[in-house]
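See structure below.
The values are calculated or read from the model by the stated rules, or taken from the named source; none is laboratory data. As the structure is a prediction and not an experimental result, all values here were calculated from the model. Neighbour counts are summed over all protein chains in view; Cβ atoms, including those assigned to glycine, are modelled from backbone coordinates with ideal geometry. Remember, those area values only see protein heavy atoms, side chains included, never the ligands or the DNA or RNA. Shrake-Rupley method; radii C 1.70, N 1.55, O 1.52, S 1.80 Å.
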Amino acid sequence: MTSVDVIIPTYKPGREFRELLERLEAQTVRPGHILVINTEEALFDPELIRDLDNVEVFHITKEQFDHGGTRNMGAGFSNAGIIVFMTQDALPADEDLIRHLTAPFRRDERIKAAYARQCPRDDCSVIEKYTRRFNYPERSMVKTRRDMKQLGIKTFFCSNVCAAYDRAYFAEKGGFRQPSIFNEDMIFGGMLIADEQAIAYAASAVVYHSHNYTAIQQFRRNFDNGVSQAANPDIFKGVPSAGEGMRLVGQTARYLRTSKQLYLLPTLVWQSGWKFLGFRLGKLYRHLPRFLVRAFSLNKDFWNIKVTVD
């Protein structure tokens, strides 16, 4: 069986991160190495990795962190056939996560990336729970260039909350673009699709992961999303994305109506408006004063330390 390494960027990890590591150790397909790229050594508790002999931690400074570059650093430490990227707040739902996540690579040689299904945590809001269901359905699929007409930008979708990549192909293509403010996974997915390869959605590979973002946090996340799309026109130009967002809003509204939770419609409209505004302003970031760009961005350090995104 192909060897697997897991790469996890961290910042101030806590007890939940220890649970993630323990769940990875209990996998039926156990990772050869778990490579942790931690930002700020002083904020990392060594007790989190006690007695875990296949965990290696590499420390970087806050100034060195980059969504694409930090993950590329982790990939550079691996010689495995498949590398799995995870975030520190994603928890495997069972011991077969990695087995299910890597299975598509054995079925189809075109598949160079696969991503897991994200299910909401117990404390997740009603609207966010439906968003998870919309983005991560129960049925698996394989996406290729032929799906562009039907799926549009979702053809590129591949979330690094939990995603696997063919390491040799990943290295051949130079890894993720850097610097990256956001969407390093989708940008690579777009390159992969253009290269006539395929992305698998492995619905049987499940992690628990969700957030209850405020409207302002949604604004900032979507601002960075807009920046990433505007900064990578070779990937996103001519690929409509707003339509997918409108479809999500429409289906969520219908769900709230049929589930007799219409009282949440004002919240849906409020949050969706902030998302749309953030995205549109992000697409126009080159025309905004730099102080506003930094104020609107979720990843503020990007604008302090990275080269100008032209």
What number comes out for the charge environment of Leu268, summing +1 per Lys or Arg and -1 per Asp or Glu over other residues with Cβ under 14 Å away? +4
Once you have a ≥ b ≥ c as the square roots of the Cα gyration tensor eigenvalues for the range 95-149, tell me rounded if a/c is under 1.5, and otherwise prolate or oblate according to whether a/b is larger than b/c. oblate
Shape call, the range 92-235: gyration tensor on alpha carbons, a/c limit 1.5: oblate
Beta carbons within 10 angstrom, averaged per residue: use that to sort the peptides 282-288, 156-162, highest first. 156-162, 282-288
Give me the percent of accessible area attributable to carbon and sulfur for the chain, probe 1.4 angstrom. 52 percent
How do 262-271, 122-131 rank on mean C-beta neighbours within 10 Å, highest first? 122-131, 262-271
Of Arg254, Arg30, Arg71, the one that fluctuates the most in a GNM where the chain has Cα springs shorter than 10 Å: Arg254
Tally Lys/Arg at +1 and Asp/Glu at -1 over every other residue whose Cβ is under 12 Å from the Cβ of Tyr201; what's the total? +2
Specify the inter-centroid distance of the range 197-212 and the range 237-310, based on alpha-carbon positions, in whole Å. 22 Å
Relative contact order of the chain, pairs being alpha-carbon contacts under 8 Å that are 6 or more residues apart, as %: 19 percent
Label points 7 Å out from Cα along the Cβ direction at Phe77 and Asn212: separation in nm? 3.4 nm
Could I have the simple spin-label model distance between Asp53 and Thr87, label points 7 Å from Cα toward Cβ, reported in nm to one decimal? 3.3 nm
May I ask you to derive the relative contact order of the range 160-310, considering only C-alpha pairs under 8 Å and at least 6 residues apart, and to give it as an integer percent? 32 percent
Residues of the chain: accessible area per residue with a 1.4 Å probe, Å²: 48 Å²
By the C-alpha gyration tensor axes a ≥ b ≥ c (rounded if a/c is under 1.5, else prolate when a/b exceeds b/c, else oblate), the shape of the chain is rounded
At 7 Å along the Cα-to-beta-carbon direction for both Trp270 and Ala295, put a label point, then send me their distance in nm to one decimal. 2.2 nm
Could you work out how far the C-alpha centroid of the range 85-124 sits from that of the range 144-188, in angstrom? 15 Å
Under 15 Å, Cβ to Cβ, from Gln217 - net charge with Lys/Arg +1 and Asp/Glu -1: +1
